[in-house]
Amino acid sequence: MRALQAVEIAPQTLTTRIIAGKLEQFLLRERVRRVYFAEDSAPPPVLAYVTHFPRLYVPIAGSHVVEVAQRGVPTTIRVVPGQALFVPENAWDKPEWSGPIEVLTFLFGAKHIGISLAKHPDRSEAPVNAIKTHIHGAYDGLTHSILTAVAAFAADRSPGPLDRLLVESLLHSCVRLFRAPPSDRPRKAIRTYESICLYVQENFQTALTRESVAEHFELAPNHVSRLFRREGQIRFNDYLNLVRMNRAKFMLRNYTLTLKEVAANCGYNDIAYFCRMFKRMNKETPTQYRVAESGGAH
């Protein structure tokens, strides 16, 4: 699977304007005619994309070929304009990026929405180019209720047009949030804190440190610490370990990888430190957790 390569566009408002424009154009010319749903009913393959928050893929050109779990079986689907793929939290997907594609991806974080526009040309071995923006403080009552309803439908799958209408409503709600006047948006400190949280959630498997995150956001390391204490009531390292441990528990439940491989995939190069941290945060060792989650089969 080819990696996404982020493209920085300055100023940031230009990136937001491009992505918002693409979304508005899609909604003007298309209706959501079909929604696919990924599941966690089969173990994720290596390199599959898994997060602890739901995602929505909306192709606007070409076709998005992606492997997902459906009814307990890994299945390859082709999502085209007018269709969407919803991936609930902790479900997985594995895009192929095998042909020409332009797709909007929505990552619904705890307090904000991250949106990327990815492009990949035909028959190219180059990385997928993507630009990214965020809607901060996005969860007003309406948006949160629509997202909750989509997630509930993903678990229920009642027949009828409700899934299409809900996803289309969610997209229109995102457009409305893009248009929100600056006075309705949270202060800069909260926006920065939420952007760092999303960055950690997307990059936890790499060698992240407070210093490297500070450098990425062009902030002083001490400022990063203050943001987490004031806005999140948590230390930066505690938040990073929490994100990594959530991923580790998911991998222990679903993969047959060794503890060393699980640790490495969660950003820990020292397996002894990983095991100590796991026990400190979960009151049991990784092996004990794996055995308990498997019903004692190991």
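Report the gain in length on full extension from K188 to T258: 0.36 nm times residue separation, minus Cα-Cα distance, nm rounded to one decimal.
Taking K188 through T258 to full extension adds about 21.0 nm, to one decimal.
Lys/Arg Cβ at +1, Asp/Glu Cβ at -1, dipole of segment 187-298 taken about the Cα centre: which of S195, F278, T258 is farthest positive-ward?
My answer, from the dipole projection, is F278.
Quick one: which residues, 5 or more positions from H64 or on another chain, have an amide H under 5 Å from its amide H? H modelled 1.01 Å from N in the peptide plane, none for Pro or chain starts.
V79, V80
Q70's amide H: which non-local residues (gap 5+, or another chain) put their own amide H closer than 5 Å, with H modeled 1.01 Å from N in plane and none for Pro or chain starts?
Amide H neighbours of Q70, under 5 Å, 5+ apart: T75.
If you put +1 on each Lys and Arg Cβ and -1 on each Asp and Glu Cβ, how big is the dipole of the chain around its Cα centre, in Debye rounded to 20?
500
May I ask you to compute the full-extension gain from E89 to L28, defined as 0.36 nm times their residue separation minus their alpha-carbon distance, rounded to one decimal in nm?
This chain segment gains 19.1 nm when fully extended.
Normalising by the residue count of the chain, find the relative contact order in percent from Cα pairs under 8 Å and 6+ residues apart.
Relative contact order of the chain: 15 percent.
With a sphere of radius 14 Å drawn around the Cβ of G82, what net charge do the other residues whose Cβ falls strictly inside it have (Lys, Arg +1; Asp, Glu -1)?
Around G82, the charge tally is +2.
For the chain, what proportion of DSSP beta bridges, expressed in % and rounded to the nearest 5, is antiparallel?
So the antiparallel bridges amount to about 85 percent of the total.
Report, in whole Å, the centroid distance computed from the Cα atoms of segment 26-96 and segment 224-276.
26
By how many nm would the segment from A110 to K279 grow when fully extended, if each residue of separation counts as 0.36 nm and the alpha-carbon distance is taken off?
Contour length minus Cα-Cα distance gives 58.3 nm.
Explain nothing, just compute: Karplus ³J(HN,Hα) = 6.51 cos²θ - 1.76 cosθ + 1.60, θ = phi - 60°, for every residue of segment 23-33 in order, whole Hz, x for Gly and Pro.
5, 5, 4, 4, 5, 6, 9, 10, 10, 6, 9
Just to confirm a number: summing +1 for Lys and Arg and -1 for Asp and Glu over residues other than A264 whose beta-carbon lies under 15 angstrom from that of A264, what do you get?
+1
Taking θ = phi - 60°, what integer Hz values does the Karplus form 6.51 cos²θ - 1.76 cosθ + 1.60 yield along segment 212-223, in sequence order, with x for Gly and Pro?
5, 5, 4, 5, 4, 9, 6, 10, 6, x, 5, 5
Can you list residues whose amide H is under 5 Å from F53's amide H, if they're 5+ apart or on another chain and H is modeled 1.01 Å from N?
N90
At a Förster distance of 51 Å, what's the computed FRET efficiency of H223 paired with A61, Cβ-Cβ distance as r, to 0.05?
Computed FRET efficiency for H223 and A61 comes out at 0.80.
Hey, any idea what the orientation-averaged projected area of the convex hull of the chain's Cα atoms comes to, in nm²?
16.3
Arrange H112, H64, H172 by Cβ neighbour counts within 10 Å, fewest through most, would you?
Going from least to most buried by this count: H172, H112, H64.
Quick one: grab the alpha carbon gyration tensor of segment 140-298, order the square roots of its eigenvalues as a ≥ b ≥ c, and give me rounded if a/c is under 1.5, else prolate or oblate depending on whether a/b is larger than b/c.
Oblate shape, in that a/c is at least 1.5 and b/c is the bigger or equal ratio.
Bear in mind that the values in this text are calculations on the coordinates, not laboratory data. Just so you know, these numbers come straight off a predicted model, no measurement behind them. A quick note on method: Cβ atoms are made from the backbone with ideal geometry, for glycine too, and the neighbour counts reach across all protein chains shown.
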